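Engineer: A single structure is presented below for examination.
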Amino acid sequence: MERLVIEGGERLSGSIRVHGSKNAALPILAAVVMADGETVVHDVPNLDDIHVMLDILRSLGARVTYDNGNVTVDPRTIHTTDVPEHLMRLMRSSIFLMGPLLTRFGSVRVSKPGGCTIGSRPVDFHLKGLELLGAEITDRHGFIECRAERLRGATIFLDYPSVGATENLMMAAALADGETVIGNAAREPEIRDLADFLVRLGARVRGAGEDTITIEGVPRLASCEFDVSPDRVVAGTLLLAAAVTRGNVQLRNVRAADLTAVITKLRETGVQVTVSHDILELKRTGALRAVDRIQTAPFPGFPTDLQAPFMSLLTLANGISVISETVFEDRFQHVSELQRMGAAIKVDLRSAFVRGVKELSGAVVEATDLRAGAALVLAGLAAEGTTVVERVHHIDRGYEALELQLQDLGARITRVRDAKRRIGKKADA
Ligand code: UD1
């Protein structure tokens, strides 16, 4: 068991480079199985989820190396399309392998992902889309098996602009016969990244970043080198860390256009955010103002992944802020932990009403999921006294040594290994 121990009250300052995006890297690493030769992906963050994906690729037979953010994969030695259950269970995103393995090798078998702490997270859109592309799917005994000698292009309309389903279907369509049109597609920046990678491999993809994506299937893909774009959720979290500590922080390697909704809301709280090329700077000099409304939504709306971290900031803003979560049904688990630190928050169905308080006080709290964990770290940076954030493994799924990044900016935060478990807390979901 590892925990983060934070002595609150330090103002963050300095400059830091934002690492590559986890959510962009994961589907790209899945897409690599379709390449025809050694493929190199740069700026892949050193995160637990990434290493699970690399272990899955190895278990399929691919040759994989990870060296300081540079991943080299040779998929020509892949000899099975069965994704091992124990690895699949470690990470939902292994579902991304369905489309590429099926379209490249004609079959795939994965264990069915369960729900997770933020919601039920079904994969029905992925499966419906693959069926429309001609896959025969069986869903039995907790496993999903898909078969198709060759997928055929089709017109698919997603009931909701799901990021994962859009990515899975784009990859499947890349090697299908004929044209696929995905309507109501997700427009997240990570979709553009995946499309750019596929095009670099020789795929024909148009419209990524818009709500209709067209893929003209090609018989084979080549190999390439690719740079993953910066992680907008990490950038947003670091901006919020600066804001909550009255800090002044510069972030390098950021795409401000990917963070428009977040920057707009940050400015509404009264902090200064300036943008210059790929550099963002946040400076806070005065008190924070509450924001009327934050409603999470698919891109370009406010990202659900920054809902919890933003709530930590608003716990200290003058007035009442309203935050509505529309993407996942159960993403307010950080609320009870923030309340332990003195935050005044009421939840009514899918909205949280946050009345700013003068001060948070340090407490022992528990990260229930990745972004909830980040939210607690931010609260701890601002709180009076010591905060202990338990279950750090959730945070490690999405932030590369978050404590070291924050230490660089002047935070007093350390990682402590502790064999003892707190009594009476629930096990991992
Ligand atoms: C991705 C991101 C995650 C982010 C989320 C929303 C990755 C690895 N993860 O997750 O960080 O929070 O987008 O921006 O990129 N849904 C269905 N059926 C499906 C698929 C999705 O009902 O087949 C629902 C989900 O339960 C959820 C909503 O659609 O309520 C959005 O999910 P989706 O966009 O698919 O999220 P992920 O791709 O899982």
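The values are calculated or read from the model by the stated rules, or taken from the named source; none is laboratory data. Predicted model only: the values in this text are computed from it and were never measured. Glycine also receives a Cβ, built like all others from the backbone with ideal geometry; neighbour counts cover every protein chain displayed. Accessible surface is based on the protein model in full, side chains and every heavy atom, while ligands, DNA and RNA are left aside. Shrake-Rupley method; radii C 1.70, N 1.55, O 1.52, S 1.80 Å.
Engineer: May I ask you to give the solvent-accessible area per residue for the chain, in square angstrom, as obtained with a 1.4 angstrom probe?
Structural biologist: With all protein chains present, the chain gives 40 Å² per residue.
Engineer: Please report Rg over Rh for the range 245-312, where both radii come from the alpha carbon positions and Rh follows the Kirkwood definition.
Structural biologist: For the range 245-312, the value is 0.95.
Engineer: Separate question: Residue by residue through the range 299-304, what is 3J(HN,Hα) from phi via Karplus (6.51 cos²θ - 1.76 cosθ + 1.60, θ = phi - 60°)? Round to whole Hz and write x for glycine and proline.
Structural biologist: For the range 299-304, the Karplus-derived couplings read 3, x, x, 5, x, 4 Hz, x marking Gly and Pro.
Engineer: Taking the Cα centre of the chain as origin, sum charge times position over the Cβ atoms of Lys and Arg (+1) and Asp and Glu (-1), and report the length of that vector in debye to the nearest 20.
Structural biologist: It comes to approximately 1000 debye.
Engineer: Then there is this: Full-extension gain between Arg89 and Glu384, please, as 0.36 nm times their residue separation minus the C-alpha to C-alpha distance.
Structural biologist: 102.4 nm
Engineer: Before anything else, pin down the relative contact order of the range 22-227: Cα pairs under 8 Å, at least 6 apart, normalised by residue count, whole percent.
Structural biologist: It comes to 20 percent, rounded to a whole number.
Engineer: Moving on. Quick one: which residues, 5 or more positions from Ser361 or on another chain, have an amide H under 5 Å from its amide H? H modelled 1.01 Å from N in the peptide plane, none for Pro or chain starts.
Structural biologist: Here Gly342, Glu384 satisfy the definition.
Engineer: OK, next. What fraction of the DSSP beta bridges in the range 71-170 is antiparallel, stated in percent and rounded to the nearest 5?
Structural biologist: Once the DSSP bridges in the range 71-170 are tallied, antiparallel ones form about 90 percent.
Engineer: Can I ask one more? So for the chain, averaging the separation of alpha carbon pairs under 8 Å that are six or more residues apart and normalising by length, what relative contact order in percent results?
Structural biologist: It comes to 21 percent, rounded to a whole number.
Engineer: Now, a different point. For Arg187, what residues show an amide H to amide H distance below 5 Å, using hydrogens built from the backbone and excluding near sequence neighbours?
Structural biologist: Those qualifying (amide H under 5 Å, at least 5 residues apart or on another chain) are Phe299.
Engineer: Would you check the accessible area of Lys112, probe 1.4 Å, heavy atoms only, in square angstrom rounded to 10?
Structural biologist: For Lys112, the solvent-accessible surface is approximately 90 Å².
Engineer: Something else about it: Mean separation of Cα pairs under 8 Å and 6+ residues apart, divided by the residue count of the range 1-80: what relative contact order is that in percent?
Structural biologist: Relative contact order here is 29 percent.
Engineer: Once you compute Rg and the Kirkwood Rh from C-alpha atoms, what is the Rg to Rh ratio for the range 61-212?
Structural biologist: 0.94
Engineer: How much of the DSSP beta bridge set in the chain is antiparallel, as a percent to the nearest 5?
Structural biologist: Of those bridges, close to 75 percent are antiparallel.
Engineer: I would also like to ask the following. Just to check, using Stokes-Einstein with a Kirkwood Rh over alpha carbon pairs, what's the diffusion coefficient of the range 302-405 at 20 °C and 1.002 mPa s in µm²/s?
Structural biologist: The diffusion coefficient I find is 159 µm²/s.
Engineer: Compute the distance in nm between two label points, each set 7 Å from the Cα along the Cα-to-Cβ direction, one at Val40 and one at Glu2.
Structural biologist: 2.9 nm
Engineer: Can you send over the solvent-accessible area of His19, 1.4 Å probe, protein chains only, in Å² to the nearest 10?
Structural biologist: 20 Å²
Engineer: Per residue of the range 362-369, what does 6.51 cos²θ - 1.76 cosθ + 1.60 with θ = phi - 60° give for ³J(HN,Hα)? Whole Hz please, x for Gly and Pro, Karplus curve as stated.
Structural biologist: With coefficients 6.51, -1.76 and 1.60, one gets x, 7, 8, 10, 10, 6, 8, 8 Hz.
Engineer: Please identify the longest segment of the chain free of exposed GluC sites (Glu not before Pro), where exposed means a DSSP state other than H, G, I, E or B and no more than 14 other Cβ atoms within 10 Å.
Structural biologist: With a cap of 14 other Cβ atoms within 10 Å, the longest stretch comes to 150-328.
Engineer: Using all C-alpha to C-alpha distances in the range 22-132, build P(r) with 10 Å bins and read off the rounded percent in each one.
Structural biologist: Spelled out per bin, shortest first, that is 14, 49, 31, 6, 0.
Engineer: Report, as a whole number in µm² per second, the diffusion coefficient that Stokes-Einstein gives for the chain at 25 °C and 0.890 mPa s using the Kirkwood radius over alpha carbon pairs.
Structural biologist: 111 µm²/s
Engineer: Starting from the Cα-Cα distance between Glu136 and Ile279, subtract it from 0.36 nm times their residue separation and give me the gain in nm to one decimal.
Structural biologist: This chain segment gains 46.7 nm when fully extended.
Engineer: Quick one: of the DSSP bridges fully inside the range 22-227, what percent are antiparallel, nearest 5?
Structural biologist: The antiparallel fraction comes to roughly 75 percent.
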